[in-house]
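The values are calculated or read from the model by the stated rules, or taken from the named source; none is laboratory data. The model shown is predicted, which means the values in this text are computed figures rather than measured ones. Cβ: placed from backbone, ideal geometry, glycine included. Neighbour counts: every protein chain shown.
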Amino acid sequence: MIDRHFLLWQRWLLILGVIIVAFGVALAFLYPTPLFDIFRTQIDPVFWAAGESTAGATTFQQWIYGVLGATMAGWGVCIAFIAAMPFKRKEKWAWNCLAIAVSLWFVIDTFLSWRFGALFNVIFNVVIFLAAMVPLLFTRKYFLTPDPRLTDP
């Protein structure tokens, strides 16, 4: 039987994965629209001092944000599927996979964002990191003992 607290955090991770998919798809296809004005107004000035990028830079931005969005969407699918099935079955590898993947992404992305002065992205990363790690921390105890169904007789 799954306890309610575990189920809450498992669903949280599932929903987070779906949100990351939706955000990634939107980023890939809607970056040039007003929907992403806040990202452009916060990040562009870090790399283009005048605040306005050239036509070539704008094309590059659309491409790189398209690639980033696609990557995020794929990452979100992985999070959702892992949360929906093996995590829900309390398979230890699922918890480890999510914790390591989120931590690795956070350390590298946040370090580079900090190094280049993209502080808006640092804050964005912290929010996503906390949204993923809080449920992982609250569910850790469920993964500490081996599942007898998964061990060899």
Original post:
Looking at (1) loosely packed, with under 12 Cβ neighbours inside 10 Å; (2) in a helix (DSSP H, G or I), which is the one condition that is false for T145?
Top reply: (2)
Original post:
Just a yes or no: is a residue in region 87-95 within 19 Å of L130 (Cβ to Cβ), touching a residue at least 40 places away in the same chain (Cβ under 8 Å) and not β-branched (V, I, T)?
Top reply: yes
Original post:
Taking interchain pairs and intrachain pairs at least six residues apart, which have beta carbon atoms under 6 angstrom, with the first residue in region 1-20 and under 13 Å from P135 (Cα atoms) and the second in a helix (DSSP H, G or I) and β-branched (V, I, T)?
Top reply: F6/T139; W9/T139; G17/I79
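Specify the residue that is surrounded by the fewest Cβ atoms within 10 Å (Cβ to Cβ); the eligible residues are those in region 20-53 that are polar (S, T, N, Q) and out of contact with any Leu (no Cβ under 9 Å at 6 or more places or on another chain).
Of all residues in region 20-53, those polar (S, T, N, Q) come to 33, 41-42, 53.
Right, trim to out of contact with any Leu (no Cβ under 9 Å at 6 or more places or on another chain) and you get 33, 41, 53.
Values: T33: 9, T41: 11, S53: 15.
Filtering region 20-53 for residues that are polar (S, T, N, Q) and out of contact with any Leu (no Cβ under 9 Å at 6 or more places or on another chain), the one surrounded by the fewest Cβ atoms within 10 Å (Cβ to Cβ) comes out as T33.
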Original post:
Among helices (runs of 4 or more DSSP H) lying entirely in region 1-108, which contain 1 or more residues that are under 25 Å from F143 (Cβ atoms)?
Top reply: 4-30, 55-84
Original post:
Name the pairs whose Cβ atoms lie under 7 Å apart, with the first residue in region 107-132 and on the phi < 0 side of the Ramachandran plot, the second assigned to a helix (DSSP H, G or I) and modelled with pLDDT under 95, and 6 or more positions between them or separate chains?
Top reply: F116/V46; A118/I43; A118/V46; F120/Q42; F120/I43; N121/I43
Original post:
Pick from G69, G56, G74: which is among the small types (G, A, S), modelled with pLDDT of 95 or more and loosely packed, with under 15 Cβ neighbours inside 10 Å?
Top reply: G74
Subject >> Which numbered condition A84 misses (of (1) touching a residue at least 40 places away in the same chain (Cβ under 8 Å); (2) within 18 Å of G24 (Cβ to Cβ); (3) surrounded by 18 or more Cβ atoms within 10 Å (Cβ to Cβ)) >> reply: (3)
